[in-house]
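The values are calculated or read from the model by the stated rules, or taken from the named source; none is laboratory data. Every value quoted in this text rests on a predicted model; they were computed, and no experiment measured them. We place every Cβ from the backbone using ideal geometry, glycine too, and count neighbours over all the protein chains shown. For accessibility, only protein heavy atoms count, side chains too; no ligands or nucleic acids. Shrake-Rupley method; radii C 1.70, N 1.55, O 1.52, S 1.80 Å.
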Amino acid sequence: MTVTHPPHDPALPDRPPTLAHVAQLAGVSPATASRVLNGSARVSRAARLQVEAAVERLGYVRRRSGPPDRESSGTVAAVVCEDGCRVLGDPFYARLLWGVRRELGGRAPLVVLMAGRADEWRATTGYLRGGRAEGVLLVGARRDQVAPLVQAAAGAPVVLAGRPLDEVALPYVDVDNRGGAHAAVRHLLASGRRRIGTIAGPADMGAAVDRLAGYRIAAREAGMGVNGLVCQGDFGRLSGERAMRRLLERRPDVDAVLAASDQMAVGALSALRRAGRRVPDDVAVVGFDDAPVAQQVRPRLTTVRQPAEDLGARLARELRACTGGRPNTERGVVLRTKLIIRESG
């Protein structure tokens, strides 16, 4: 495990940011900034976006000012920014949340909120604005979701699962997505593959961006061109199947593929089977996650294992430190990944 500290941004204050800092960075009055943070409708869209961007960049956390008789619940809210159906069907989230629960050890209630569909988003932000959560974990947040959720958190400390794509002063815990993808491509090259494609994840998620970067770095180091070898999915099985079909159309000579999730890798296996391609004889397939499905499919899936339970536990530990009074600073914790070699590649 390694701990990284992003370079200091001269625009960020050396002490915990205040409402005045937010207003100054956003170029608005403190009163306008306050109205935005309180959800007032009497603010222009431009001002709202400027304030939200400033909140995200500064990592500003409002002091709670709820009613005097408000009783603290001590609840930890885990906000998963995916459709509820996908969350319930993807073992990664269950493993991560189990790690969170294990680390909390009964010391705090855990509430899981899903914010994929519009109705889920409204319910989640409404719950957070009610101030009932003492700490918030953001899981799978897209680039444009971080600021609104931090604002809705009503002053509670926030820890991100995954590296944020923008420089924000919020603590996060991630896995070595770049290194894991790099190791997977190096393995495929060492086994004699020379036309290695990839099925990348969503471009607005840090994990997907880093896995694609690891693939590109390894390809560049090997002098391998990637023209026509990069397709994109959404981490889901169906998107992996569609992306594999596109890869075969563009580059029928592809002899290996790295999928940015095991679910997409399983979809790729289906597409290859329908196309009459043998795995791994004709095309090797490597996934990412080491989900249970990796050992259930045939051939069993070579994949990059990410420690989902440990990720959840470390998220809870970081959040507990924040709620215990540690300053909310720029801090990133990165956990190691491991390549698990099986029959598919």
### Query
What ranking, highest mean first, results for peptides 157-165, 332-340 when packing means the other Cβ atoms within 10 Å averaged over each residue?
157-165, 332-340
### Summary
Counting only protein heavy atoms with a 1.4 Å probe and every protein chain in place, the carbon and sulfur fraction of the accessible surface of segment 125-168 in whole percent equals 45
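Give, in nm to one decimal, the length gained when the segment between Met224 and Arg336 is fully stretched (0.36 nm per residue of separation minus the Cα-Cα distance).
37.7 nm
Determine the relative contact order of the chain: mean sequence separation of Cα pairs under 8 Å and six or more apart, normalised by residue count, in whole percent.
Working: 715 pairs, mean separation 68.5, N = 345.
Contact order relative to length: 20 percent.
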### Query
Given springs between every Cα pair under 10 Å in a Gaussian network model of the chain, which of Arg178, Arg277, Arg129 has the largest fluctuation?
Arg277
### Query
Which one of Ser44, Ser239, Ser29 has the biggest mean-square fluctuation once the chain is modelled by GNM with Cα springs under 10 Å?
Ser44
## Note on the structure
Here the Cα Rg-to-2.2 N^0.38 Å ratio for segment 231-277 is 0.97
### Task
Tell me, rounded to the nearest percent, the portion of alpha carbon pairs in segment 74-119 spaced more than 14 Å apart.
50
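Thinking of segment 59-207 as a set of Cα atoms, what percent of all their pairs are more than 23 Å apart?
Working: 4765 of 11026 pairs.
Of the Cα pairs, 43 percent sit more than 23 Å apart.
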### Query
Taking the alpha-carbon set of segment 19-58, what are its Rg and Dmax in Å?
8.5, 24
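Can you tell me the alpha carbon radius of gyration of segment 177-306 divided by the globular rule-of-thumb value 2.2 N^0.38 Å?
Relative to the rule-of-thumb radius for its length, segment 177-306 sits at 0.90.
What percent do you get for the relative contact order of segment 177-306 when only Cα pairs under 8 Å and 6+ apart count? Walk me through the intermediate numbers first.
Working: 262 pairs, mean separation 31.2, N = 130.
Across segment 177-306, relative contact order equals 24 percent.
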### Query
How much mean residue ellipticity at 222 nm does the chain get from its helices, if each DSSP H run of length 4 or more adds -39500 (n - 2.57) and you divide by all residues, to the nearest 500 deg cm²/dmol?
-13000 deg cm²/dmol
#### Entry: Most mobile of Ala259, Ala133, Ala123 in a GNM of the chain (Cα contacts under 10 Å)
Ala123
### Summary
A correct Kirkwood calculation over the Cα atoms of the chain returns a hydrodynamic radius in Å of 21.2
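About the Cα centre, and with charges only on the beta carbon of Lys, Arg (+1) and Asp, Glu (-1), how big is the dipole of the chain? Nearest 20 debye, please.
For this selection, approximately 280 debye.
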